[in-house]
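Below: one structure in structure tokens.
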Amino acid sequence: MAAPMSFFPRIIIGATTFTVVVAGALYLYYRSRYIFKRKPSDTVSASTSEQHLAKEEREQQKDKSRALGSPNTEREISVVSLIKLLDTNDESQLCKVLTTIANKAAFTEGQNAVWFAGGLPVIIRLLGRDSDRVRTCTASCIANLSLNSHNQPVLKACIPTLLSLSTDPLHTKGLRLASIQALVNLSVSGRCGEYFSQPSALQSLFELLGDGSSSLGQQALRVLVNLSADETVVPALLSFEVPTDFASLLASHHPPESLLRTLSFLVNLRRAILATPVRTTSESASQDFSSLFTGGTRALRVAVETLMHHGNADVEQQARRLLVMLSGP
């Protein structure tokens, strides 16, 4: 009875061992299949990672473009559509489109978008229309676009036209003011000196200036102050004949901002003279701005001394600065 009893345990042990071995083999088999089956997913994952990196690089390029002031595609397409709408003789449509562009051009991205869309020459040509209404909207648009110095190499070509429009009394006051405002913005950067330094341009500005009492005169004075800080225009200003009514600009009844601009104009010119080692003065009957300083007129000194007691701190400080500079060589 002992032999049969030992046989069954062996069968049980053998069967159990066999089952464990088979189960282990099956586990390893299916595990290996799972691993190999996941490898393509690993490849896809790597590809997805590369795509993600490429996307990041594209985003970095976009950020770089934004830093350089490049407009985005949607805005550029929008501006291109607006520029195309300017090809019409419908005065009402032209004014609406120009006003829309001017509003966009109040911001750097809009200014750049017009440049990228090739709209600057198109807009400049509209200054040649017969309608003062269209030209007013055009000048306002140019005024905003010219706030961007990158646009000025193109826009400066319209300076003679803007000067003509601003000085002609036959045009509406709105057109004249819009034109002179565009000139104010174009004169800031110092990149348009070859146009402003022309004698005819300076003559137009001083004619507009007059006694400084009008709104046009105040805007012209702003242009002249900007030009007096532009080293490419200063020589032309110094050789320009002093208008007969220029001294009246220093009368104390003028608003403080007007007096401050006039004093700043004179300070800038005087500083330019002092910075020049040698300057020859011309023997002429007329008095230019150079001889106004180097010869030293009593009327100028008296006017400046009076403004030292004006009551406005900024005016007094600038008058004091100019008087010290007039006392120099």
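Going by the conditions given, is Leu145 surrounded by 24 or more Cβ atoms within 10 Å (Cβ to Cβ), assigned by TED's automatic domain parsing to the domain that holds Asn103 and in contact with a Gly (Cβ under 9 Å, 6 or more places away or on another chain)? Don't jump to the end; show me each part of the working.
On the way: surrounded by 24 or more Cβ atoms within 10 Å (Cβ to Cβ): yes; assigned by TED's automatic domain parsing to the domain that holds Asn103: yes; in contact with a Gly (Cβ under 9 Å, 6 or more places away or on another chain): yes.
Yes; evaluated as a whole, the condition is true for this residue.
Check region 245-255 and report whether any residue there is modelled with pLDDT under 95, more than 30 Å from Leu177 (Cβ to Cβ) and surrounded by 13 or more Cβ atoms within 10 Å (Cβ to Cβ).
Scanning region 245-255, I find no residue that is modelled with pLDDT under 95, more than 30 Å from Leu177 (Cβ to Cβ) and surrounded by 13 or more Cβ atoms within 10 Å (Cβ to Cβ), so the answer is no.
Select, from Ala272, Ala319, Ala313, Ala236, the only residue that is surrounded by fewer than 17 Cβ atoms within 10 Å (Cβ to Cβ), within 35 Å of the chain's Cα centre (by Cα), of a type in the set (A, V, I, L, M) and modelled with pLDDT of 90 or more.
Details: Ala272 fails: surrounded by fewer than 17 Cβ atoms within 10 Å (Cβ to Cβ); Ala319 fails: surrounded by fewer than 17 Cβ atoms within 10 Å (Cβ to Cβ); Ala236 fails: surrounded by fewer than 17 Cβ atoms within 10 Å (Cβ to Cβ).
After applying the criteria, what remains is Ala313.
With the requirement that a residue be of a type in the set (Asp, Glu) and closer than 13 Å to Ile180 by Cβ, what does region 195-228 give you? Give the derivation first.
First, pick out the residues of region 195-228 that are of a type in the set (Asp, Glu): 207, 211.
Selection gives Glu207 alone.
Tell me, please, whether a residue that is in contact with a helix residue (DSSP H, G or I) (Cβ under 8 Å, 6 or more places away or on another chain) and among the hydroxyl-bearing types (Ser, Thr, Tyr) can be found in region 242-250.
Within region 242-250 (the criterion being in contact with a helix residue (DSSP H, G or I) (Cβ under 8 Å, 6 or more places away or on another chain) and among the hydroxyl-bearing types (Ser, Thr, Tyr)), the answer is no, since none of the residues qualifies.
If a residue counts only when it is within 23 Å of Lys173 (Cβ to Cβ) and charged (D, E, K, R), which helices (runs of 4 or more DSSP H) contained entirely in region 183-287 have at least 1 such residues?
Working: elements: 193-196, 199-209, 215-228, 234-238, 256-274.
Fully inside region 183-287 and qualifying: 199-209, 215-228, 256-274.
Looking at region 168-182, can you tell me whether even one residue there is assigned to a helix (DSSP H, G or I), under 22 Å from Arg271 (Cβ atoms) and touching a residue at least 24 places away in the same chain (Cβ under 8 Å)?
Start the filter on region 168-182 by keeping residues that are assigned to a helix (DSSP H, G or I), which leaves 173-182.
Keeping just the survivors that are under 22 Å from Arg271 (Cβ atoms) gives none.
Looking through region 168-182, none of the residues is assigned to a helix (DSSP H, G or I), under 22 Å from Arg271 (Cβ atoms) and touching a residue at least 24 places away in the same chain (Cβ under 8 Å).
Show the residue pairs that are 6+ apart or on different chains and have beta-carbon atoms under 7 Å apart, the first residue being within region 80-97 and at negative phi, the second being loosely packed, with under 13 Cβ neighbours inside 10 Å and not in a helix (DSSP H, G or I).
Matching pairs, first to second residue: Leu94/Thr88.
List the helices (runs of 4 or more DSSP H) that sit entirely inside region 83-146 and contain at least 1 residues that are under 21 Å from Leu170 (Cα atoms).
Filter on region 83-146 gives 91-104, 120-125, 132-145.
Is it the case that Leu162 is in contact with an Asp or Glu (Cβ under 7 Å, 6 or more places away or on another chain), modelled with pLDDT of 95 or more and not in a loop (DSSP other than H, G, I, E, B)?
Details: in contact with an Asp or Glu (Cβ under 7 Å, 6 or more places away or on another chain): no; modelled with pLDDT of 95 or more: yes; not in a loop (DSSP other than H, G, I, E, B): yes.
Answer is no for this residue.
The values are calculated or read from the model by the stated rules, or taken from the named source; none is laboratory data. Since we're looking at a predicted model, the values are computed, not measured. Because the Cβ atoms are built from the backbone with ideal geometry, glycine has one as well, and the counts that use them run over all protein chains shown.
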